[in-house]
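Inspection log for the structure reproduced underneath, given as structure tokens.
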Amino acid sequence: MSISRRTTLAIGVLVVLGVFVLLGRWYQTQHAVPAAPAATSLTVRVTSGGDRGPGSLREAVFVADAAGGAAAIVLQVSHIELETTLPPLVNHHGIQLSAAQPGAEIDAHALSGGPVFDVDGPNTSISGLTIRNCPATGILVRAARFRLEAAAIESCDVGVDVAENISDIALERNRFTNGRIGVRFAASSPNTVVVKNQFSGETDAAVWAVRSQPDLRSASITVRDNKFANQRLGIVAGNVSLLVEHNDFSDAREAAVHLIGAGVVVRGNHIRGGAAMGIVAENARGAIIDSNELDHIAVYAIMVRGSANTLVHANRINSCGYGLAFVLGDASNPNTAADNSLFDLKYNGIDVIGDSPILRRNRVLQAKALPLHVADYQPPDGKVVPAHPLLENNTLGPDGTTVAKDAGGLRPSGPSPR
């Protein structure tokens, strides 16, 4: 046998042996650990509006929780009145709870406390329901991968309460009305979105995401394309990573967005009306307020108070009481206002009080009082906090003048540097 033929035969034998080895390993893998059985699909129908008994929502939750696979609960009644708290949703395969006809109502006014739905198992979804009159919480989320869609939560203390260390939450196309808080986050929540919802009439805030210390461990919660109307506060974000983008705010009684601490970006929103402020950054660190449009706000469009390294960039402010304010900031880590446009202000364009921000390439036109007002802060104890803003290429007033401070107060000081 020639050398070439022996070589070819040897290679062929090795290939065949290799195939048998791989087949053997595959066989052992498949039989060493039995394959999990396919998930059972179970649908439970709610046919009674009573609090308990056959066909009730309570019984449906018990059955779905005990299922060996994913389960669906379908409400086929238009009205349910709860008398006591429902059992938690704990099926780890997932539960889909929906209404056969959109708007099926769950009335929780008789509950003494506790959530209407306690989501304690992953992969749970709720859609098409109306939950109202909750003395406490409408939905408490304590497990990952929860989705609320096309639902309404009305007159509840807290609409949706998301616990700490919970990820992958989607709240989409829902309506939150006349509660104390619409949605509350205890901490940053990875892969979480609040999208295309409507919030109105909250007595405290539509979205509340506040903790005592900075929580920047994960990606931002995205709050996008929502409509906020007639709240005390639209969004309160404190030390929780939040991206507030492309939302519409109208007629907030105190502020559309209130930022505290670190981790928030407010970008591309439209804020109109309101008896007080548009955006307030208070004791904020590294906040970004970018490319928002603010109009017809009674007091300040944007106020930055006691903050550091906060950027106010490319915002358009029109027909407000005042434009921008920088108050008692950190002079060693100055805030910056750049490329903002301010038009038709009832009083001052930019107020700087006991702060030393960087003001760069801003335009203030048609301020009926001062385009720029700079003042030291005089506290009750008598220790003056000086104001020393850095001005670079601003246009202040229709004639392009700026305003500087001297011993006699404020006076025009000639053309702004170009």
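Structure above, values below:
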{"quantity": "Condition check for residue 327: over 14 Å from residue 297 (Cβ atoms), of a type in the set (A, V, I, L, M), crowded, with 18+ Cβ neighbours inside 10 Å and touching a residue at least 40 places away in the same chain (Cβ under 8 Å)", "calculated": "yes"}
{"quantity": "Candidates 344, 330, filtered to the one that is among the charged types (D, E, K, R), part of a strand (DSSP E or B) and more than 22 Å from the chain's Cα centre (by Cα)", "calculated": "344"}
{"quantity": "Residue selected from the range 101-129 under the condition among the hydroxyl-bearing types (Ser, Thr, Tyr) and part of a strand (DSSP E or B), by the criterion farthest from residue 173 (Cα to Cα)", "calculated": "125"}
{"quantity": "Hits in the range 260-280 (condition: surrounded by fewer than 21 Cβ atoms within 10 Å (Cβ to Cβ), without any contact (Cβ under 8 Å) to a residue 40 or more places away in the chain and hydrophobic (A, V, I, L, M, F, W, C))", "calculated": "275, 276"}
{"quantity": "Number of positions in the range 172-207 that are within 20 Å of residue 267 (Cβ to Cβ) and either within 11 Å of the chain's Cα centre (by Cα) or crowded, with 24+ Cβ neighbours inside 10 Å (or both)", "calculated": "13"}
{"quantity": "The lone exception for residue 376 - which of (1) crowded, with 19+ Cβ neighbours inside 10 Å; (2) acidic (Asp, Glu); (3) farther than 14 Å from residue 284 by Cβ it fails", "calculated": "(1)"}
{"quantity": "Test: residue in the range 246-267 that is part of a loop (DSSP other than H, G, I, E, B), among the acidic types (Asp, Glu) and farther than 30 Å from residue 165 by Cβ", "calculated": "yes"}
{"quantity": "Test: residue 377 is of a type outside the set (Val, Ile, Thr), over 21 Å from the mean Cα position of the chain (by Cα) and within 26 Å of residue 251 (Cα to Cα)", "calculated": "no"}
{"quantity": "Residue match in the range 28-47 (condition: crowded, with 18+ Cβ neighbours inside 10 Å, more than 31 Å from the chain's Cα centre (by Cα) and at pLDDT 95 or above)", "calculated": "yes"}
{"quantity": "Residue that is of a type in the set (Gly, Ala, Ser) and in contact (Cβ under 8 Å) with a residue 40 or more places away in the chain, where the choices are 241, 189, 200, 212", "calculated": "241"}
{"quantity": "Residue list for the range 82-118, restricted to those being surrounded by 13 or more Cβ atoms within 10 Å (Cβ to Cβ), of a type outside the set (Gly, Ala, Ser) and within 13 Å of residue 134 (Cβ to Cβ)", "calculated": "82, 85, 86, 105, 106, 107, 111, 115, 116, 117, 118"}
{"quantity": "Every pair of residues 6+ apart whose Cβ atoms lie under 6 Å, when the first sits in the range 115-140 and is at pLDDT 95 or above while the second is of a type in the set (Lys, Arg) and surrounded by fewer than 21 Cβ atoms within 10 Å (Cβ to Cβ)", "calculated": "120/142; 122/145; 123/145; 125/147"}
{"quantity": "For residue 167: the one exception among (1) polar (S, T, N, Q); (2) modelled with pLDDT under 95; (3) farther than 25 Å from residue 234 by Cα", "calculated": "(3)"}
{"quantity": "Of all residues in the range 389-412 being surrounded by 15 or more Cβ atoms within 10 Å (Cβ to Cβ) and over 22 Å from residue 344 (Cα atoms), the one that is modelled with the highest pLDDT", "calculated": "389"}
{"quantity": "Residue count for the range 350-402, restricted to those that are in a strand (DSSP E or B) and either of a type in the set (D, E, K, R) or within 18 Å of residue 332 (Cα to Cα) (or both)", "calculated": "12"}
{"quantity": "Those residues of the range 62-100 which are aliphatic (A, V, I, L, M), closer than 17 Å to residue 49 by Cβ and either outside any strand (DSSP E or B) or without any contact (Cβ under 8 Å) to a residue 40 or more places away in the chain (or both), in sequence order", "calculated": "73, 74, 77, 80, 82, 86, 97, 99, 100"}
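One line per residue, one yes/no per condition, for (1) surrounded by 18 or more Cβ atoms within 10 Å (Cβ to Cβ); (2) among the aliphatic types (A, V, I, L, M); (3) touching a Leu at 6+ places or on another chain (Cβ under 9 Å):
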{"residue": "250", "(1), (2), (3)": "yes, no, no"}
{"residue": "258", "(1), (2), (3)": "yes, no, yes"}
{"residue": "282", "(1), (2), (3)": "no, no, yes"}
{"residue": "322", "(1), (2), (3)": "yes, no, yes"}
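The values are calculated or read from the model by the stated rules, or taken from the named source; none is laboratory data. Being a predicted model, the structure only gives us computed values, none of them experimental. As a convention, Cβ positions derive from the backbone with ideal geometry for all residues, glycine included, and neighbour counts pool all protein chains shown.
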